[in-house]
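Structure first, then comments.
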């Protein structure tokens, strides 16, 4: 039986580098790419019948399973545990930087629900050992992201990292309030504006930061980020400068590593109005301790929960709600 890897991308390359030491990889399977990758032919899912396929994509595994017969992502990691250290060497998202810090003990003290504590303990141990027995499985589905129980309802919602309007659409499944959405990527803005049309949504074509300025931005769809290697210039602003009088009751931030700066730029809103918060916790290794402790410093009257909505601790969100 011939062997393939599903996904001709960043993770597919890591999977190939490890698995090819033990098995011949005959194909990559990819819906959107053609040609060759790593010197191996790329085929479409419709051409992959009868192959043994290792899945390197974890976001859409349920969808992929409907298309082809795959070996699930986590099962591949268990069979080839060398993959995890290789992901770390490539500095992908939270694998980049120092993974552990004494301040993690203080973060654990902020958590008091069993789901948060179990996930947090596994994630910290996984960072320390890369041992699959501590693998931190997702605690919630991707469909629930930002709208878990107690965080579904809002009258004045702020969407930092509006992307193409996916969070806007999710919001209106539960609410009929007002949204202010920030998105700096010109390509995403077109789709966001289309999603927001005829809804009570104000779109700011800007990023969110700790002050108003112009910064370099690297455009890459869902993963666009503010960085020195950016290929375009975009305006950024702070929430305190622009929407303080909106008095938001819920703020969501998924802004590819700029969360720390954005929280600092919203400290007056957080301190004065205690809005619910849903903050991405996985873009930088240090986010796991820096973000919760920063919010605690700004407003000590929050309860904290951590929920993970995807494999490899991606789409991990810190949920903050004012204490009753």
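The values are calculated or read from the model by the stated rules, or taken from the named source; none is laboratory data. Every value quoted in this text rests on a predicted model; they were computed, and no experiment measured them. Glycine gets a Cβ as well: all are built from the backbone with ideal geometry, and neighbour counts include every protein chain shown.
Looking only at region 144-156, how many residues end up being farther than 20 Å from residue 306 by Cα and either in a strand (DSSP E or B) or in contact with a helix residue (DSSP H, G or I) (Cβ under 8 Å, 6 or more places away or on another chain) (or both)?
First pass over region 144-156, keeping only residues farther than 20 Å from residue 306 by Cα: 155-156.
Going one step further and asking which of them are either in a strand (DSSP E or B) or in contact with a helix residue (DSSP H, G or I) (Cβ under 8 Å, 6 or more places away or on another chain) (or both), we end up with 156.
Of the residues in region 144-156, 1 are farther than 20 Å from residue 306 by Cα and either in a strand (DSSP E or B) or in contact with a helix residue (DSSP H, G or I) (Cβ under 8 Å, 6 or more places away or on another chain) (or both).
Given (1) farther than 26 Å from residue 262 by Cα; (2) surrounded by 20 or more Cβ atoms within 10 Å (Cβ to Cβ), where does residue 154 come up short, assuming only one miss?
Among (1) farther than 26 Å from residue 262 by Cα; (2) surrounded by 20 or more Cβ atoms within 10 Å (Cβ to Cβ), residue 154 violates only (1).
Report, by residue number, each residue of region 263-283 that is more than 23 Å from residue 153 (Cα to Cα) and surrounded by fewer than 20 Cβ atoms within 10 Å (Cβ to Cβ). Write out each step before concluding.
Of the residues in region 263-283, the ones more than 23 Å from residue 153 (Cα to Cα) are 264-265, 282-283.
Answer for region 263-283, where residues must be more than 23 Å from residue 153 (Cα to Cα) and surrounded by fewer than 20 Cβ atoms within 10 Å (Cβ to Cβ): just 264.
Going through 78, 66, 62, 105 one at a time, which residue ends up being in a helix (DSSP H, G or I) and closer than 20 Å to residue 284 by Cα?
Going through 78, 66, 62, 105 in turn, the sole match is 105.
Taking the condition buried (at least 20 other Cβ atoms within 10 Å of the Cβ) and either in the same structural domain as residue 154 (by TED's automatic domain parsing) or assigned to a loop (DSSP other than H, G, I, E, B) (or both), does residue 292 pass?
yes
Could you check region 48-81 and list, in sequence order, the residues that are at pLDDT 95 or above and over 30 Å from residue 316 (Cβ atoms)?
Listed by number, the residues that qualify are 51, 52.
Considering only region 275-289, state which residues are in a strand (DSSP E or B) and under 21 Å from residue 93 (Cβ atoms).
Residues satisfying the conditions are 277, 278, 279, 280.
Residues of region 109-119 being in contact with a helix residue (DSSP H, G or I) (Cβ under 8 Å, 6 or more places away or on another chain) and surrounded by 15 or more Cβ atoms within 10 Å (Cβ to Cβ), which ones?
110, 111 - these are the residues of region 109-119 that are in contact with a helix residue (DSSP H, G or I) (Cβ under 8 Å, 6 or more places away or on another chain) and surrounded by 15 or more Cβ atoms within 10 Å (Cβ to Cβ).
What helices (runs of 4 or more DSSP H), lying completely within region 163-273, carry at least 2 residues that are at pLDDT 95 or above and farther than 30 Å from residue 300 by Cα?
Values: elements: 166-171, 186-196, 239-243, 259-264, 267-273.
In region 163-273, 166-171, 186-196 are the helices (runs of 4 or more DSSP H) which contain 2 or more residues that are at pLDDT 95 or above and farther than 30 Å from residue 300 by Cα.
Could you tell me whether region 120-127 includes any residue that is on the phi < 0 side of the Ramachandran plot, touching a helix residue (DSSP H, G or I) at 6+ places or on another chain (Cβ under 9 Å), surrounded by 18 or more Cβ atoms within 10 Å (Cβ to Cβ) and assigned by TED's automatic domain parsing to the domain that holds residue 255?
No.
Which number in (1) over 25 Å from residue 255 (Cβ atoms); (2) surrounded by 15 or more Cβ atoms within 10 Å (Cβ to Cβ); (3) in contact with a helix residue (DSSP H, G or I) (Cβ under 8 Å, 6 or more places away or on another chain) marks the one condition that residue 78 misses?
(2)
Scan region 308-324 for residues that are more than 20 Å from residue 158 (Cα to Cα) and part of a strand (DSSP E or B) and jot them down.
Hit for region 308-324 is 308, nothing else.
Taking region 295-307, which residues are part of a helix (DSSP H, G or I) and either in contact (Cβ under 8 Å) with a residue 40 or more places away in the chain or in the same structural domain as residue 73 (by TED's automatic domain parsing) (or both)?
296
Only residues that are in contact (Cβ under 8 Å) with a residue 12 or more places away in the chain, closer than 24 Å to residue 22 by Cα and outside any loop (DSSP other than H, G, I, E, B): list them for region 81-102, please.
83, 84, 85, 86, 87, 88
Give me a count of the residues in region 202-211 that are surrounded by 13 or more Cβ atoms within 10 Å (Cβ to Cβ) and either touching a helix residue (DSSP H, G or I) at 6+ places or on another chain (Cβ under 6 Å) or in contact (Cβ under 8 Å) with a residue 40 or more places away in the chain (or both).
So the count comes out to 6.
Hey, among the residues in region 5-51 that are in contact (Cβ under 8 Å) with a residue 40 or more places away in the chain, within 27 Å of the chain's Cα centre (by Cα) and not in a helix (DSSP H, G or I), which one's surrounded by the most Cβ atoms within 10 Å (Cβ to Cβ)?
Step by step, filter region 5-51, then rank; the result is 5.
Could you list all residues from region 118-143 that are part of a loop (DSSP other than H, G, I, E, B) and either within 16 Å of the chain's Cα centre (by Cα) or closer than 17 Å to residue 176 by Cα (or both)?
136, 137, 138, 139, 140, 141
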